[in-house]
Amino acid sequence: MKRNFNFSNLFKKANVLSLILFILSIACIAIKGLNYGIDFKGGTLIELRVLDKNITISDIRSSFKNMVIGDVNIKEFGNKNDYLIKIEQTNENNKNLIIKLKNNISKNLNTDLDFRRVENVGPKVSSELLEAGLIAITLSLAAMLFYIWIRFEWQFSIGAIMALFHDVVITMGIFSLLSFEINLSIIAAVLTIVGYSMNDTVVIYDRIRENLSKYNKLNINDISNLSINETLSRTLITSVTTLLALFSIFILGGEILKGFSFAMILGVIIGTYSSIFVASPILKYFRVTYKTMQKEEEKII
Amino acid sequence: MLNFTKSKTISIYLTFLIISFFAFLNFQKSENRIIDKKVNLGLDLQGGSYLLLEIDTIPLIQERIQDKVIPIKKLLKKNDLKYSNFRINQTKIFFILEKKEYKKLDNIFFSKKENNVNPYIEQYKAHELDMKNNSGTIVINFSKYGTLVLNNAALKQSIEIIRRRIDDVGTKEPTILQRGDKRILVELPGIKDPERVKNLIGKTAQLNFRLISDTSSEFGFDKLISESGEELNVSKRIIMSGENLIDSQPRLDNQSNKPTVSFTLNRLGSQKFGKATTNNVGKRMAIVLDNKIVSAPSINEPIAGGQGVISGNFTFQEATDLALLLRSGALPTPLKIVEERTVGPDLGKDSIKSGTFSLIVGFILVILYMIFKYRFFGIIANISLIANLLMLVGILTILEATLTLPGIAGIILTVGMAVDANVLIFERIKEELKTEKSAIHAFDIGYNKAKITVLDANITTLIAAFILFAFGSGPIKGFAITLGIGIITTLFSAYFIARHLTSWFVLSKKNNSIKL
């Protein structure tokens, strides 16, 4: 089966679309902000299973009324008896907060409760975690930039990094738009997206490099188009198998992995798109030709 | 690329067999293990508590600077240095000295030999204390290294005491580790009552015996509320402290049938206690724990022999815990819980269930898709995928790595991404088959040309996994480990196992045409 789709016709339109999405994402993050979880904001999280079916979310909410604590946010979590309670960080010296909270809920609801998960992150630790997360993402981008620069030429490494940036920012933009929580596992997802998107880009770049020396008469647009077409079935098959795995986590893997797998699904889709429509067209702007490759090779020899 | 020597083939399959053998060790019965290696379950899967504690060194420094007051005053007097306005503010000592005499003090204060007031720390080539002359006002405080020495000693001692307390509660396989220079990480798998343990870990448990006095003594007094609610003037002078305790046990009082805590003192403690109780018959003595009065009994008769009983309004659990705290000793400085994550055993079980289920479903979907796409070669890719998973679990077992819920996600993701190596190769071969007449040749070139791409593509993911491992904490580290090892096993299974199977098939068919 020979696919021959003219991607280069779409390059311009795709670039405009990417640019708009990118700007909208930044605007959304700047205006609406990101919904940080307790990992990065500090606070207390309780996953509660209420065995008594007559108890409603507002019963749980009102059980906190007599306590002097920060904002309380309660939502159903997975199935009907499970609730996720998040309590905003207020002051640091609330030493026995968790036991007080537990006692208070138990007393007011007066029924059997299962505290499935209790987490509390102090303000100092949460800011450290956020910092570590940002450093990790920055470092991974830098490491990718460096790796591509060694393996290819600088034009490629800038193209790849722009594609990665595009993926990370738009994924975060969607999280901001949907007010999905950003926690430690989302950072893990972003880093994996960086790895995955890079993986996709490298495969196409490898082919572009090969084709540049094979067909030295063709211009970069045609080379990109040819290379994308040649690797297209691989790109799609791998995306499908990865998405199959991710959807099975998203649907069957339980509530805790939902955010993580959702971020990954977005990332894989955006990453596949960007390898084709962002990373490759960018090479054109750097005037990559057969000669660029030759020069580099001479340098190595 | 399709030729395998016999020794190469043997070593490939031998490596595979040895590594995947370890994967099966996880299914051994726990009683008679041949090789005691298995994948550990993270706290998020087996349930338990993760606590991050931070020591607060400021109270310790305040206490230690207080201890320096008398030696410094003695030093000044001994050397005829006239000082005035001597005072302590938080962590600093201030006094005023005449200008001419500063040089002399400076020489004595920073002498390196036999300096008991301000010892020289050989390790850091610095003195314990710093001294500054602020236009006549002398300021003394702990130096950077002096503080560091105090901090490190306090951290070590705290870890020791926490270990004793946790061992005493009887938790299975706790982890207690130093994290950075101020923190202690405690992991308590399978713990039933996290609040009790938290309470035990977080208590400083500084116990002391002090007299209650109505007249103001030269030491001054603290106003503390007793267990029955009355306000008492407790002398600041400490008769005896918890350091002198050698044992402590919960007891039931014979007469009142109430829980009490008995204690046994060492020789020095018995002497101090005996002397104080002899001299103060009729007075009341406060037993103070962390600046709260536990009880304030009257001294009816001198207590010799170094045995005593603390009776307060305890439940039996409280008496047991107090005895435990007294036995394990006081923390040198208060500890704060800065991060805490507790997962109940139910949630852990549910996570294992849903994690494993989604792994199986993801695995089956990928396998079916590969067969649909590549038919016979799909089966080869699937065999290599199974080999890949076995080796991944095998390596996790060899490393005795900790499997977390994100770690399971990492395995599922590996399943999805591992086939990529084979897809890259097969697609390449397909292209070569279009131009090459000989199938063997096409396969050979295909494997060869795809090699670089496969390597490049996987190294990028490996970089991401490595950074994640370096910066991630707890469960996320588990994800990085499975993702990273998954890449290595993927490369091995695609380039050795799948390639060998392919070559065996292609070479056996010789001149027949092969469709991919």
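In nm², what is the average projected area of the convex hull enclosing the Cα atoms of the range A:73-226?
That works out to 13.0 nm², a quarter of the Cα hull's surface.
Between B:GLU173 and B:ARG237, what length comes free when the chain is fully extended (0.36 nm per residue of separation minus the Cα-Cα distance, one decimal in nm)?
Length gained between B:GLU173 and B:ARG237: 18.9 nm.
Just the C-alpha atoms of the range B:95-230: what Rg/Rh do they give, with Rh taken as the Kirkwood radius?
A ratio of 1.13.
Hey, fewest Cβ within 10 Å first, where do A:HIS166, B:HIS500 land in order?
B:HIS500, A:HIS166
Mind ranking A:218-230, B:121-133 by how tightly packed they are, going by the mean number of other C-beta atoms within 10 angstrom, highest first?
A:218-230, B:121-133
Please tell me which of these pairs span more than 29 angstrom C-alpha to C-alpha: A:LYS217/B:LYS451; B:LYS68/B:LYS272; A:LYS75/A:LYS102?
Beyond 29 Å: nothing from the list.
In a shell of Cβ-Cβ distance under 13 Å around B:LYS144, excluding B:LYS144 itself, what net charge do Lys and Arg (+1) and Asp and Glu (-1) give?
Within the 13 Å Cβ shell, the charges total -2.
Let me have the relative contact order for chain B, percent, based on Cα pairs under 8 Å that are six or more residues apart.
Rounded, it is 19 percent for chain B.
In square nanometres, what is one fourth of the surface area of the convex hull spanned by the alpha carbons of chain A?
That works out to 19.0 nm².
Using the alpha carbons of the range A:59-162, what is the convex hull volume per residue in cubic angstrom, as a whole number?
For the range A:59-162, the hull spanned by Cα atoms encloses 152 Å³ per residue.
Work out, in µm²/s and without decimals, the Stokes-Einstein translational diffusion coefficient of the range A:133-184 at 10 °C, 1.306 mPa s, Rh from Kirkwood over C-alpha pairs.
Once the numbers are plugged in, D ends up at 131 µm²/s.
Please state the shape class of chain B: rounded when a/c is under 1.5, otherwise prolate if a/b exceeds b/c and oblate if not, all from the C-alpha gyration tensor.
Note, shape of chain B comes out prolate.
Using the Kirkwood formula over every pair of different C-alpha atoms, what hydrodynamic radius in Å results for the range A:140-285?
It is 15.7 Å.
The range B:94-136 to the range A:49-127: how many Å between their Cα centroids?
Taking the Cα centre of the range A:49-127 as reference, the centre of the range B:94-136 is 54 Å away.
Can you compute the label reach from B:ASN291? Point 7 Å from Cα along the Cβ direction, backbone N cut-off under 13 Å, restricted to the range B:316-349.
B:334-335
Apply the Kirkwood formula to the range A:1-120: the hydrodynamic radius equals the inverse of the mean of 1/r over all pairs of different alpha-carbon atoms; give it in Å with one decimal.
When all Cα pairs of the range A:1-120 are included, the Kirkwood radius is 17.7 Å.
Could you work out the percent of alpha carbon pairs in the range B:207-337 separated by over 27 Å, rounded to a whole number?
15 percent
Convert each backbone phi in the range B:263-280 into a coupling constant with the Karplus relation 6.51 cos²θ - 1.76 cosθ + 1.60 (shift: θ = phi - 60°), then list the ³J(HN,Hα) values in order as whole Hz, x for Gly and Pro.
Going residue by residue, I get 9, 10, 9, 7, 4, 4, x, 4, 4, 4, 5, x, 5, 5, 6, 5, 6, 10 Hz, with x marking Gly and Pro.
Could you list which residues have their amide H under 5 Å from that of B:PHE4, counting only those 5 or more apart in sequence or on another chain, with H placed in the peptide plane?
The answer is none.
Please give the helix B:475-492 orientation as an angle from the longest Cα principal axis of chain B, in degrees from 0 to 90, rounded to the nearest 10.
The helix B:475-492 is inclined about 30 degrees to chain B.
Give me P(r) over the range B:70-163, computed from all C-alpha to C-alpha distances, binned every 5 Å, as integer percentages.
Whole-percent P(r) values from 0 Å outward: 3, 12, 21, 23, 17, 11, 6, 4, 2, 1, 0.
What Kirkwood Rh does the protein assembly as shown have if only Cα atoms enter the pairwise 1/r average? Answer in Å.
One over the average 1/r among Cα pairs gives 31.6 Å for the protein assembly as shown.
May I ask you to derive the relative contact order of the range B:430-509, considering only C-alpha pairs under 8 Å and at least 6 residues apart, and to give it as an integer percent?
It rounds to 26 percent for the range B:430-509.
By how many nm would the segment from B:ASN79 to B:ARG164 lengthen if fully extended, with 0.36 nm per residue of separation less the alpha-carbon distance?
26.0 nm
Name the residue from B:GLY269, B:ILE299, B:GLY329 whose Cα lies farthest towards the positive end of the charge dipole of the range B:207-337, charges +1 on Cβ of Lys and Arg and -1 on Cβ of Asp and Glu.
B:GLY269
Per residue of the range B:70-78, what does 6.51 cos²θ - 1.76 cosθ + 1.60 with θ = phi - 60° give for ³J(HN,Hα)? Whole Hz please, x for Gly and Pro, Karplus curve as stated.
Residue by residue, the range B:70-78 yields 5, x, 5, 4, 4, 4, 5, 5, 4 Hz.
Evaluate E = 1/(1 + (r/R0)^6) for B:PHE86 and B:PHE110, where r is the Cβ-Cβ distance and R0 equals 22 Å; express this FRET efficiency to the nearest 0.05.
0.65
Can you run phi through the Karplus equation (6.51, -1.76, 1.60; θ = phi - 60°) for the range B:289-304 and list ³J(HN,Hα) in whole Hz, with x for Gly and Pro?
10, 6, 6, 10, 6, 7, 7, 9, x, 7, 8, 7, 8, x, 9, 9
Check B:ASN115: other-chain or 5+ apart residues with amide H under 5 Å from its amide H, H built from backbone geometry?
Result for B:ASN115 returns B:TYR120.
Peptide B:351-360: average number of partner chain Cβ atoms within 10 Å per residue?
5
Per residue of A:34-42, what is the mean number of Cβ atoms on other protein chains within 10 angstrom of that residue's Cβ?
1
Once the other residues with Cβ under 14 Å from the Cβ of A:ILE193 are scored (Lys, Arg +1; Asp, Glu -1), what is the net sum?
-2
Taking only C-alpha pairs under 8 Å that are 6+ residues apart, what is the relative contact order of the range B:58-148 in percent?
Across the range B:58-148, relative contact order equals 26 percent.
If we sort B:427-440, B:323-336 on the protection proxy, mean other Cβ atoms within 10 Å, highest first, what's the order?
For the peptides B:427-440, B:323-336, the packing ranking is B:323-336, B:427-440.
What ratio of Cα Rg to 2.2 N^0.38 Å holds for the range B:377-516?
Relative to the rule-of-thumb radius for its length, the range B:377-516 sits at 1.16.
So for each of A:30-41, B:251-262 I average, over its residues, the number of other beta carbons within 10 Å; can you give me the resulting order with the highest mean first?
Order by mean packing, descending: A:30-41, B:251-262.
Over the C-alpha atoms of the range B:223-280, what are the Rg and the largest Cα-to-Cα span, Dmax, in Å?
Expressed in Å, the Cα Rg and Dmax of the range B:223-280 come to 14.1, 34.
Which helices of chain A meet both criteria: a Cα extent of 15 Å or more along the helical axis and a mean Kyte-Doolittle score no lower than 1.6, with helices taken as whole DSSP H segments?
Qualifying helices: A:8-31.
Take the residue pairs B:LYS223/B:LYS283; B:LYS112/B:LYS144; A:LYS214/B:LYS515 and return only those whose Cα atoms are more than 19 Å apart.
Checking Cα-Cα distances, A:LYS214/B:LYS515 exceed 19 Å.
If the cut-off is a Cα-Cα distance under 20 Å, which aspartates and glutamates reach A:LYS12, setting aside same-chain residues fewer than 8 apart in sequence?
A:ASP167, A:ASP222
What GluC sites (Glu not before Pro) in the range A:33-119 are in a loop by DSSP, with at most 13 other Cβ atoms within 10 Å of the Cβ?
Taking the range A:33-119 and a limit of 13 other Cβ atoms within 10 Å, the loop GluC sites (Glu not before Pro) found are A:GLU92.
For a paramagnetic label modelled at 7 Å from the Cα of A:SER62 toward its Cβ, which residues of the range A:104-148 fall within the zone defined by backbone nitrogen distances under 14 Å?
A:108-110
At most 11 other Cβ atoms within 10 Å and a DSSP loop assignment: could you name the GluC sites (Glu not before Pro) in the range B:23-93 that fit?
B:GLU31
Since every read-out is calculated from the coordinates, none of them should be taken as a lab result. Just so it is clear, the structure is predicted and the values come from calculations on it, not from any experiment. As a convention, Cβ positions derive from the backbone with ideal geometry for all residues, glycine included, and neighbour counts pool all protein chains shown.
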